[in-house]
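These notes are about the structure you will find just below.
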Amino acid sequence: VIPILDFGSQYVQLIARRIREAGVYSLLVSPSITLEQLARIRPKGIILSGGPSSVYEEGAPRCDPKLFDLGVPVLGICYGMQIGSQLLGARVENAEAREYGRAQLKILDRSDLLQGLPENTTVWMSHGDQVQTLGEEFLALATTPTCPYAAVRHKSRPFYGVQFHPEVTHTPHGTELLANFLFRICGCQGKWKMSDFIDAQCAVIRERVGDDQVICGLSGGVDSSVLAALLAKAIGRQLTCIFVDNGLLRKNERELVEQTFREHFDVDLRVADAGDQFLTDLAGVTDPQEKRTRIGHRFISVFKEQAARIQPVKPGGQVHFLAQGTLYPDVIESGQGYAGTAANIKLHHNVGGLPAELGFGLIEPLRNLFKDEVRKLGEVLGLPDVMVWRHPFPGPGLAVRVLGEVTRPQLDLLRDADEVLLEEIVANGLYRKTSQVFAVLLPVKSVGVMGDGRTHEQVIAVRAVETQDFMTADWARIPFDVLATISSRIINEVRGVNRVVYDISSKPPATIEWE
Ligand code: XMP
């Protein structure tokens, strides 16, 4: 295992990812982790990440200086290099010339960390401070025109530092540098696979859960499905899944979830048929935030009611835990990154939502993973492709895609249009190339002509986006002929629609959903 002390760098997730791609398990930990906690992980090496602070500022995040006495190799990247070097006697100052972007690296010593790299290469820099005075104990390994100590090594301790970012693709030989650290310096084997993660997590979950019962809210999305599959493997019938049918789901969604989990996994699945309650709450409501609030409240009360009926399967056990499919980006987006320094971008419903209210212990085994890693995990766990590769679907479901008041006939109409749209996207091989595709029912009527008659019917907007992280997105360049088929099929097959429009707005300034 290679723990990364997360000092709040925007690239920290990439470091973890690169290491896992090299076949070594890596996880993010708080810089305030104690030496005992670290020792329990049995790290082969430790990475100190970059971060937005200055080491000489008051309150700047630090790590325990005794970390360097463990005899475990440490690689500091950017801020991580500065904090490590400072704790070991070097002097860090504000650089005369701040460096952002590409820089030319000249390598002075290619004996270990930089072995196999060309003497001159490009690296990606992003820093205002740098090590200015190295001291007797360090060796300079590489320089750039403005950064005299772009890579360093401590003479007597296994500490290495790089001022640049080896984890980004703009540093073309960064992967080799990380491989040198992992394999030559730390002696890692590179044999880690997703199935090892499953085995390790199952053991951790079993130990934590004991004889107790775990509840998992299943939404049918990738994260909760993978979570449920992992827990089913770990604790079998000690897991109870609750799927709330809020009446706001897509066509056949409930059937897909029920079928997958009943056929492939031996879990106790409870389906709460709560559509009527949700629709009653939504009657007459047109404000999007009010819709979300009412849906959120109803969800909690339905969930609680279901949870109260669950009995533990093991004697002496209690219904004690709630499992949540929180991923690393959710943690970061809510400003709950380990260093507490990542900006609070969006309050995510997964983080800090249900648990306090319900008083359960939390189980979040996906907390260190990224979406594509979760998908890989799902595949290894045996989830079918239709679940593993699903586009995301918002918790409030079709309620935020029926603009204006949400009624059963409007939901039915939207479901039919959405089904046609997705059929065409899949048939044309566009599902995996797009990040999210859906139909929106607009609350306006427009005039049309069908046969000899004038029509006055509703409008469907088609939304298709491509994005990496859903924070920014671009509208997908769906070929015109595919759009043409989508439009004519929706107008012909869905009663009540006489016009289809394509949304060509990016995010920002628009959002992905219309509400
Ligand atoms: P926006 O519309 O904010 O959407 O650009 C970004 C991503 O978040 C999803 N989304 C939600 N998910 N509850 C959710 O669980 C919500 O209230 C919600 N609103 C938007 C949206 O589908 C997209 O993937």
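Results, tabulated for the structure shown:
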quantity	calculated
Within segment 407-502, percent of DSSP bridges classed antiparallel, to nearest 5	75 percent
Segments 97-107, 242-252, 378-388 sorted - mean Cβ within 10 Å per residue, highest first	242-252, 378-388, 97-107
Segment 443-485 - charge dipole about Cα centre, Lys and Arg +1 at Cβ, Asp and Glu -1, debye rounded to 20	200 debye
Most positive-pole-ward Cα, GLY128, THR146, GLY23, against dipole of segment 2-185 from beta carbon charges	GLY23
Segment 286-330: C-alpha gyration tensor shape, a/c 1.5 cut-off, then a/b vs b/c	oblate
Gyration tensor over alpha-carbon atoms, the chain, equivalent ellipsoid semi-axes in Å	48, 29, 19
Burial ranking of peptide ranges 221-231, 257-267 (average Cβ count within 10 Å, highest at the top)	221-231, 257-267
Viscosity 0.692 mPa s, 37 °C: Kirkwood-radius Stokes-Einstein D of segment 2-185 over Cα pairs, µm²/s	206 µm²/s
Flagged links, alpha-carbon separation over 26 Å, of LYS155/LYS193; LYS66/LYS371; LYS193/LYS304; LYS291/LYS433; LYS191/LYS376	LYS155/LYS193; LYS66/LYS371; LYS193/LYS304; LYS291/LYS433
Fewest-first ranking of TRP124, TRP389, using other Cβ atoms within 10 Å as the exposure measure	TRP389, TRP124
Theoretical ellipticity at 222 nm over the chain - DSSP helices of four or more residues, -39500 (n - 2.57) apiece, nearest 500	-9500 deg cm²/dmol
Of all DSSP beta bridges in the chain, antiparallel share, percent nearest 5	50 percent
Crossing angle, helix 194-209 versus the chain [Cα axis fit, 0-90 degrees, rounded to tens]	80 degrees
Chymotrypsin sites (Phe, Trp or Tyr not before Pro) restricted to DSSP loop in segment 20-77 with at most 15 other C-beta within 10 Å	TYR56
Cleavage-rule hits, GluC sites (Glu not before Pro), segment 118-204, DSSP coil, Cβ neighbours within 10 Å at most 12	GLU119, GLU136
Gap separating the Cα centres of segment 376-446 and segment 232-247, nearest whole Å	23 Å
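Coordinate-derived values only; no laboratory data. Predicted, not measured: the structure shown is a model, and the values here were computed from it. Cβ sites come from the backbone with ideal geometry, for glycine too, and all protein chains shown count toward neighbours.
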